[in-house]
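Participant: Before we start, here is the structure in question, set down as structure tokens.
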Amino acid sequence: MQLPRQPTEVHMTSSSQAHAVARPIPHVCPWWLGWSLLFPGRGWFLNPDRLVAPLIEHDCRVLEVGPGNGFVTVSLAERVGPEGRVYCVDLQERMLTALQRRMRRRGLAERISTRVCSKTDLGVSDLAGSIDVAVLIYMLHEVAEPGLVLRQVATTLRSSGKLLLVEPKGHCPAGLFAEQIRLAGEVGLRPAAQQPEYASRLPQALVLERQQ
Ligand SMILES: C[S@@+](CC[C@H](N)C(=O)[O-])C[C@H]1O[C@@H](n2cnc3c(N)ncnc32)[C@H](O)[C@@H]1O
């Protein structure tokens with residue numbers, strides 16, 4: 001995604017004022033730029049099939065927050081099979097409309113369900129403890145209160161459930177990525193002992209696991 005560089009500020013996370021992290025001012029990718037996330041060639045440096053294959057099994061229940069137009073959702077829905085489910089939660093209804101269209105064209109619409117959320121509430125409390133894998137791709141740097149989103153995501157995960165976090169280098173400085181991982185630790189999500197080979201070769205990708 002080639003959005004213009006954003007100004008940098010010192011952002012204080014609400015969970016701990018002791019951790020000041022220089023980060024771009026959070027900026028949500030507008031819906032009308034959603035198509036640009038599907039540009040041909042993106043798969044060369046972020047291959048959705050290879051990214052999710054080691055994590056997603058048949059019949060899995062998956063939560064994807066910030067799916068946009070569904071660059072990764074197609075691979076998720078293909079892998080969960082007809083009995084699995086991908087819950088797609090996004091701030092922007094128009095992103096989800098484009099996502100549904102894309103899934104319908106591929107005959108995968110029955111495998112996903114979409115929800116519009118607010119900046120402070122993902123609206124996923126009914127999924128508590130039921131999700132096998134949560135997926136946050138190129139979205140957490142857009143969130144003003146990442147700790148809040150991570151807490152809600154963690155609550156949806158079953159014991160030992162996984163969170164796949166991938167952030168773009170251009171929009172998420174290394175310090176911010178480290179801060180996101182620290183915040184994940186505060187809500188009981190720790191780096192999994194075994195990292196999938198493909199994800200571990202990406203510049204900023206990590207699989208976290210919900211502690212028992
Ligand atoms: C850069 S796009 C990435 C889309 C997709 N994951 C991809 O990699 O192509 C970020 C997406 O996250 C969504 N988003 C941003 N903040 C959010 C929040 N607090 N809760 C849910 N979705 C959010 C945006 O609306 C947008 O669809």
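Participant: Would you be able to say whether some residue in the stretch 168-184 is under 21 Å from GLU78 (Cβ atoms), among the hydrophobic types (A, V, I, L, M, F, W, C) and surrounded by fewer than 18 Cβ atoms within 10 Å (Cβ to Cβ)? Full working, then the answer.
Facilitator: Within the stretch 168-184, the subset under 21 Å from GLU78 (Cβ atoms) is none.
For the stretch 168-184, residues under 21 Å from GLU78 (Cβ atoms), among the hydrophobic types (A, V, I, L, M, F, W, C) and surrounded by fewer than 18 Cβ atoms within 10 Å (Cβ to Cβ): absent.
Participant: Could you check GLN212 against (1) modelled with pLDDT of 95 or more; (2) open to solvent by 40 Å² or more (accessible area, probe 1.4 Å); (3) not hydrophobic (A, V, I, L, M, F, W, C) and say which number it fails?
Facilitator: Status for GLN212: all satisfied but (1).
Participant: Now, a different point. Can you tell me which of (1) in a helix (DSSP H, G or I); (2) farther than 26 Å from TRP44 by Cα is the one TYR198 doesn't meet?
Facilitator: (2)
Participant: Looking at the stretch 27-50, which of the residues that are assigned to a helix (DSSP H, G or I) and near the ligand (Cβ under 10 Å from one of its atoms) is surrounded by the most Cβ atoms within 10 Å (Cβ to Cβ)?
Facilitator: GLY34
Participant: Would you confirm whether any residue within the stretch 125-132 is part of a helix (DSSP H, G or I) and either within 14 Å of the ligand (Cβ to nearest atom) or buried (at least 18 other Cβ atoms within 10 Å of the Cβ) (or both)? Write out each step before concluding.
Facilitator: Here is the first cut: in the stretch 125-132, the residues part of a helix (DSSP H, G or I) are 125-127.
The next check asks that each one be either within 14 Å of the ligand (Cβ to nearest atom) or buried (at least 18 other Cβ atoms within 10 Å of the Cβ) (or both); those that pass are 127.
There is at least one residue in the stretch 125-132 that is part of a helix (DSSP H, G or I) and either within 14 Å of the ligand (Cβ to nearest atom) or buried (at least 18 other Cβ atoms within 10 Å of the Cβ) (or both).
Participant: May I ask you to list the residues in the stretch 144-167 that are of a type in the set (Ser, Thr, Tyr), open to solvent by 10 Å² or more (accessible area, probe 1.4 Å) and touching a strand residue (DSSP E or B) at 6+ places or on another chain (Cβ under 8 Å)? It would help to see each step written out before you state the result.
Facilitator: Kept after step one, since they are of a type in the set (Ser, Thr, Tyr), are these residues of the stretch 144-167: 155-156, 159-160.
The next check asks that each one be open to solvent by 10 Å² or more (accessible area, probe 1.4 Å); those that pass are 155, 159-160.
Result: SER159, SER160.
Participant: Would you check if GLU93 is open to solvent by 20 Å² or more (accessible area, probe 1.4 Å) and either modelled with pLDDT of 95 or more or touching a Pro at 6+ places or on another chain (Cβ under 9 Å) (or both)? First the steps, then the outcome.
Facilitator: Details: open to solvent by 20 Å² or more (accessible area, probe 1.4 Å): yes; either modelled with pLDDT of 95 or more or touching a Pro at 6+ places or on another chain (Cβ under 9 Å) (or both): yes.
Judged against the criteria, GLU93 is a match.
The values are calculated or read from the model by the stated rules, or taken from the named source; none is laboratory data. Note that the structure is predicted; figures quoted are calculated from it, not measured. Ideal geometry is used to build each Cβ from the backbone, glycine not excepted, and the neighbour counts take in all protein chains shown. Quick note on the areas: whole protein, heavy atoms, side chains included, nothing else; ligands and nucleic acids left out. Shrake-Rupley method; radii C 1.70, N 1.55, O 1.52, S 1.80 Å.
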